[in-house]
Amino acid sequence: MAENQAPDGSPVITEVVFDWASHKKLITYSIIRKYGAKTVPTIEGMCGWHPGKKQLVLWEMDNHGNLTEAMLIVNGNKQSYEELLYQADGSTLPIRAQGIREGEDVFIFKASIPKEGEWVEVFRADYKRVK
């Protein structure tokens with residue numbers, strides 16, 4: 001679970017739930033966001049080993065019809081993502097993301113996009129495990 005702010009400054013609670021697929025070869029996840037009393041299913045995704053690419057890959061679809069494909073590199077407590085967002089209108093946007101585990105119960109996720117020749121952070125969420 002992470003607590004952030006919507007563009008209008010109101011609080012947003014993001015909840016992520018991870019599960020193993022029944023065959024244990026794939027991790028699936030769901031992301032929902034809560035804006036006050038309103039709950040919005042936002043992203044459904046999956047991550048698994050791509051035998052042809054010999055890498056972990058991630059695919060996710062959001063509630064606007066955007067599809068993200070990513071290569072995932074795990075290095076200790078850090079995960080690096082080279083993502084390509086295929087937007088519902090057909091355009092694409094490269095994204096660089098990073099996940100950092102801080103202990104067993106905290107995961108920080110950051111995403112950056114290119115802007116004027118630089119990578120600019122556009123999203124950050126500090127997730128805390130809820131037991």
Worksheet item: Any residue in the stretch 62-70 that is at pLDDT 95 or above, farther than 23 Å from Pro11 by Cβ and hydroxyl-bearing (Ser, Thr, Tyr)?
Response: yes
Practice prompt. Name, by its number, the condition in (1) farther than 23 Å from Tyr86 by Cα; (2) of a type in the set (A, V, I, L, M, F, W, C); (3) touching a Lys or Arg at 6+ places or on another chain (Cβ under 6 Å) that does not hold for Val40.
Written response: (1)
Worksheet item: If you take the residues in the stretch 76-94 that are surrounded by 15 or more Cβ atoms within 10 Å (Cβ to Cβ) and within 17 Å of Gly65 (Cα to Cα), which one is farthest from the chain's Cα centre (by Cα)?
Response: Tyr86
Discussion item. Going by what's in this entry, would Trp20 be described as in contact with a strand residue (DSSP E or B) (Cβ under 9 Å, 6 or more places away or on another chain), farther than 18 Å from Met1 by Cα and exposed (fewer than 11 other Cβ atoms within 10 Å of the Cβ)?
Written reply: yes
Discussion item. For Gly65, only one of the following conditions fails: (1) touching a residue at least 12 places away in the same chain (Cβ under 8 Å); (2) at negative phi. What is its number?
Written reply: (2)
Worksheet item: Pick from the stretch 57-92 the residues that are of a type in the set (S, T, N, Q) and touching a strand residue (DSSP E or B) at 6+ places or on another chain (Cβ under 7 Å): which of them is farthest from Val17 (Cα to Cα)?
Response: Thr92
Discussion item. When you check Ile27 against the structure, is it under 23 Å from Asn4 (Cα atoms), surrounded by 15 or more Cβ atoms within 10 Å (Cβ to Cβ) and of a type in the set (A, V, I, L, M), yes or no?
Written reply: no
Item to complete: Give the residue that is surrounded by the most Cβ atoms within 10 Å (Cβ to Cβ), with candidates limited to residues of the stretch 96-128 that are assigned to a loop (DSSP other than H, G, I, E, B) and free of Cβ contacts under 8 Å to residues at least 24 places away in the same chain.
Response: Gly103
Worksheet entry | Hits in the stretch 71-105 - residues which are farther than 22 Å from Gln55 by Cβ and either in contact with a helix residue (DSSP H, G or I) (Cβ under 8 Å, 6 or more places away or on another chain) or modelled with pLDDT of 95 or more (or both) | Gln87, Ala88, Asp89, Gly90, Ser91
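The values are calculated or read from the model by the stated rules, or taken from the named source; none is laboratory data. Small disclaimer: the values here were computed from a predicted structure and weren't measured. Neighbour counts run over all protein chains shown; Cβ positions are idealised from the backbone, glycine included.
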